[in-house]
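A short write-up of the structure that comes next.
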Amino acid sequence: MARRKSLAVWKFASCDGCQLAVLDGVDELLALAGAVDIAYFLEASKAKVEGPYDLSLVEGSITTEHDARRIREVRGASERVVTIGACATAGGIQGLRNDADADDFARAVYPRPEELAYLPSSTAIGQHVLVDFEVRGCPVNPRQVREVVGAYLAGRHPQISAASVCTDCKRRGLPCVMVAHGTPCLGPVTQAGCGALCPACDRGCYGCYGPMEAPRTAALAAWWRELGVSEADIARAFRTFNADAPAFREEARRHGG
């Protein structure tokens with residue numbers, strides 16, 4: 001009888017939202033339960049099985065020296081590493097400090113900031129170790145997580161689209177909110193994955209899934225200017241969930257962000 005594959009889920013600097021999204025997709029989890037042994041997943045179980053692991057899912061960014069060492073240990077114990085969510089793939093909301101003074105934030109929030117140990121920046125897992133695949137989102141889509149896990153169990157490459165949210169709008173027959181209503185939307189430069197949730201409610205995309213493949217951010221920013229959006233607001237739009245994703249970070253800087 002063939003050995004079942006082992007799966008580990010790790011948390012770094014994050015809100016746990018992506019792990020909760022995976023747990024919310026209980027049907028997707030049950031479909032995989034017979035094929036894997038969940039060796040480490042503290043959000044779901046107290047069980048701690050020592051590695052090595054066939055597949056590790058990693059949520060969260062690297063914000064301390066301790067975590068920088070720990071992610072190298074996870075990489076060393078894992079045959080494959082998949083990052084899940086905006087924090088792990090692009091530094092997350094906490095990446096806003098990368099263009100600011102982290103000490104200023106600490107002094108504003110904590111009564112004894114001198115007791116904190118943190119790095120001046122929040123960085124994606126891929127800036128520290130080799131990552132085999134990224135699952136985007138804030139939070140992730142549990143169906144995409146299932147696709148990635150299932151793909152590696154089957155020995156194939158995951159099939160997740162790198163196209164923009166606009167493709168989801170077209171599939172759903174949704175009118176373009178920028179064309180129809182003049183509503184600023186990041187959909188043309190954001191990777192699909194949410195099913196165009198916000199445009200379906202006549203709201204612009206907020207960029208939760210980060211940059212699509214080869215995004216034309218400058219062209220979109222020019223369109224936003226024609227809609228009357230200020231430079232400051234354009235910069236702010238690109239500095240949210242995926243603030244340190246290179247394409248979004250550079251576009252924000254072009255507008256003073």
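The table for this structure:
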read-out: Chymotrypsin sites (Phe, Trp or Tyr not before Pro) within the stretch 107-182, DSSP loop, no more than 14 other Cβ atoms inside 10 Å; value: none
read-out: Options A151, G17, A108, ranked by Cα towards positive dipole end of the stretch 1-159, top entry (Cβ charges); value: A151
read-out: Of every Cα-Cα pair in the stretch 86-245, the percent that sits beyond 25 Å; value: 39
read-out: Placed amide H near G137: partners under 5 Å, 5+ positions off or other chain; value: G85, A86
read-out: Proximal lysines to K11, defined as alpha-carbon separation beneath 24 angstrom and excluding residues fewer than eight positions away on the same chain; value: K46, K48
read-out: Dimensionless Rg/Rh of the stretch 165-254 - Kirkwood Rh, Rg from C-alpha atoms; value: 0.93
read-out: GNM top mover of D24, D37, D104 - the chain, alpha-carbon springs below 10 Å; value: D104
read-out: For the stretch 165-254: relative contact order, % (alpha-carbon pairs under 8 angstrom, 6 or more apart); value: 25
read-out: Relative compactness, the stretch 30-119, computed as alpha-carbon Rg over 2.2 N^0.38 Å; value: 1.35
read-out: Net dipole in debye of the chain [+1 Lys, Arg Cβ; -1 Asp, Glu Cβ; about Cα centre; nearest 20]; value: 520
read-out: Exposure rule at most 10 other beta-carbon atoms within 10 Å, DSSP loop GluC sites (Glu not before Pro): the chain longest free segment; value: 51-212
read-out: For the chain: relative contact order, % (alpha-carbon pairs under 8 angstrom, 6 or more apart); value: 18
read-out: Share, in percent, of DSSP beta bridges within the chain that are antiparallel, nearest 5; value: 25
read-out: Karplus 3J(HN,Hα) series, Hz, for the stretch 68-82 with 6.51 cos²θ - 1.76 cosθ + 1.60 (x for Gly, Pro); value: 5, 6, 5, 5, 5, 5, 4, 4, x, 9, 10, 5, 10, 10, 10
read-out: Cα-centred dipole magnitude for the stretch 186-257, charges only on beta-carbon of K, R (+1) and D, E (-1), debye, nearest 20; value: 100
read-out: Cα-based shape type of the stretch 5-154, given that a ≥ b ≥ c are square roots of the gyration tensor eigenvalues and the cut on a/c is 1.5; value: prolate
read-out: Rounded FRET efficiency, nearest 0.05, which uses the C-beta distance separating T167 from A77 and R0 of 35 Å; value: 0.40
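None of the figures in this text is laboratory data; all of them are computed from the coordinates on show. This one's a predicted model, so the numbers in the text were calculated from it and none came from an experiment. Here Cβ is always computed from backbone atoms with ideal geometry, including for glycine, and neighbour counts include all displayed protein chains.
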